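The values are calculated or read from the model by the stated rules, or taken from the named source; none is laboratory data. Computed from a prediction, not measured in an experiment: that's the story for all the values here. Ligands, DNA and RNA are excluded from the accessible area calculation, which covers all protein heavy atoms including side chains. Shrake-Rupley method; radii C 1.70, N 1.55, O 1.52, S 1.80 Å.
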Amino acid sequence: TLEKGTNVRESVDKEKTGLKSIDPYVIVSMGEFTFRSTTKYNTSNPNWNETIRLYLPRGHDFNTIRFSLYDKDFITSDDSISTAELKISEACHPNATTKMSLDLLPNAHRYGAQFENGPTMGELGVTVTFEPMASAEQRFWLEW
């Protein structure tokens, strides 16, 4: 579940950003799978509370889930602000739910490589539940 963003900002320069809020949305990607959240307007503390189901096929070679934060623009193209990555091996424990806070790091393409490990651009709150495929299939047939 993509829960919320906290203190999300548009610029690495705190003085430049001031109290300006943004229109954030998140693109979640893993391998070829991509999900786009809804846009939350005029806020630096968005609440998404959106559930995303990702399926890991047997023998998969995916090791990260990437969260890319964007600022929706109406006149120009949307701005890629920051990213956070979740290591699947650290977050996925069978039949367990884990709440996590991920640091949003500046987009190196936008701000330059010097900020790649620099100041955070806010945080993303996520909840990860890993359900083995056999359990998911069983639940599907019971619900169907």
Task: Accessible surface of residue 34 - all protein chains present, 1.4 Å probe, nearest 10 Å² - done: 90
Task: Pairs beyond 18 Å (Cα-Cα), from 40/87; 40/72; 4/40 - done: 40/87
Open item on the list: Using a 1.4 Å probe on the protein heavy atoms only, what accessible surface does residue 40 show? Give it in Å² to the nearest 10.
Closed with: 60
